[in-house]
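Only one structure is covered here, and it is reproduced in the block below.
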Amino acid sequence: MELQVRLLPTIFFFFFFLTILQHSSSARILTVSKPDRHDYAASARWLVSQNIWGVLSTLSIDHEGAPFGNVVSFSDGLPEKGSGIPYFYLTTLDPTARNALKDQRASLAISESPVGTCKSDPMNPTCSKLTLTGKLLLLDGGSEEAQVAKKALFTKHPEMIDWPVDHDFHFFKLEITNIFLINWFGGAKPITVDEYLHAKSIKVASLLQ
């Protein structure tokens, strides 16, 4: 009887811990195959494939063209089938979409930090960061590419499926014209858009629930 009483706190905390794991979205095991850092194009594609959000910057129509950065979700394709082209599901109720419809110039900044493979400060050069600059283009809702974007986004972000239909959401893509990558010391790494788009297929992280 005395032993059972002493074990009660241990049993309680064990089941409490299991409950937290069951209901925590951060309780997933992430396995990542990171490319060789000297393969710049593959490294850039890997960052895009592994991330699900970034900071999308446009030129504000409300603040005389000042840069406006906004945290957004994105996807470049289905797992292990990413194209490297970021797709977005944006509402015109938000400044980002309205800005892009007026001036298409935009950039998307992402970091290795959220992926979990970098333990340094996000500004440390060994913690990779990428900025894709180009044009934020509205996709024709009836186009084949819009369907590609829809499948890519709704697969990685299933919550989007239930977002309000009366909020004027549309599919956009970033047409890339410039790539800025830091993945080690020595400054930005040289990558052309063609090299980036034709990089070897990147194996997307597997998530074990």
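The values are calculated or read from the model by the stated rules, or taken from the named source; none is laboratory data. The shown structure was predicted, so the numbers you read here are calculated from the model rather than taken from an experiment. Glycine also receives a Cβ, built like all others from the backbone with ideal geometry; neighbour counts cover every protein chain displayed. Heavy atoms of the whole protein, side chains included, go into the accessibility calculation; ligands, DNA and RNA do not. Shrake-Rupley method; radii C 1.70, N 1.55, O 1.52, S 1.80 Å.
When you check Ile161 against the structure, is it at negative phi and in contact with a Gly (Cβ under 8 Å, 6 or more places away or on another chain), yes or no?
no
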Notebook entry, point to check: Pick from the stretch 146-168 the residues that are more than 16 Å from the chain's Cα centre (by Cα) and surrounded by 15 or more Cβ atoms within 10 Å (Cβ to Cβ): which of them is farthest from Asn99 (Cα to Cα)?
Noted result: Val148
Notebook entry, point to check: Got a sec? Which strands (runs of 3 or more DSSP E) wholly within the stretch 104-209 have at least 1 residues that are among the aromatic types (Phe, Trp, Tyr) and under 15 Å from Val48 (Cα atoms)?
Noted result: 169-182
Note to self: Contact list please: Cβ distance under 7 Å, first residue in the stretch 107-119 and farther than 14 Å from Trp184 by Cβ and among the polar types (S, T, N, Q), second residue modelled with pLDDT of 95 or more and in a loop (DSSP other than H, G, I, E, B), pairs at least six apart or on different chains.
What the structure shows: Ser111/Pro122; Ser111/Cys127; Ser113/Pro122; Ser113/Cys127
Item checked: Complete set of residues in the stretch 189-209 that are at pLDDT 50 or above and touching a Leu at 6+ places or on another chain (Cβ under 8 Å) -> Lys189, Ile191
Item checked: Residue check, Cys127 at pLDDT below 95 and surrounded by 14 or more Cβ atoms within 10 Å (Cβ to Cβ) -> no
Next item on the list: Please enumerate the residues belonging to the stretch 177-189 that are closer than 16 Å to Lys129 by Cβ and either in contact with a helix residue (DSSP H, G or I) (Cβ under 9 Å, 6 or more places away or on another chain) or open to solvent by 30 Å² or more (accessible area, probe 1.4 Å) (or both).
Entry: Asn178, Ile179, Phe180, Leu181, Asn183, Trp184, Phe185, Gly186, Gly187, Ala188, Lys189
Check: Any chance the stretch 113-123 includes a residue that's surrounded by 15 or more Cβ atoms within 10 Å (Cβ to Cβ), modelled with pLDDT of 95 or more and touching a Ser or Thr at 6+ places or on another chain (Cβ under 8 Å)?
Finding: no
Next item on the list: Quickly run through the stretch 67-100 and pick out the residues that are over 20 Å from Gln147 (Cα atoms) and open to solvent by 40 Å² or more (accessible area, probe 1.4 Å).
Entry: Pro67, Phe68, Gly69, Val71, Leu93, Asp94, Arg98
Next item on the list: Check off (1) in contact (Cβ under 8 Å) with a residue 40 or more places away in the chain; (2) open to solvent by 80 Å² or more (accessible area, probe 1.4 Å); (3) of a type outside the set (Lys, Arg) for Asp140 and give me the number that stays unchecked.
Entry: (1)
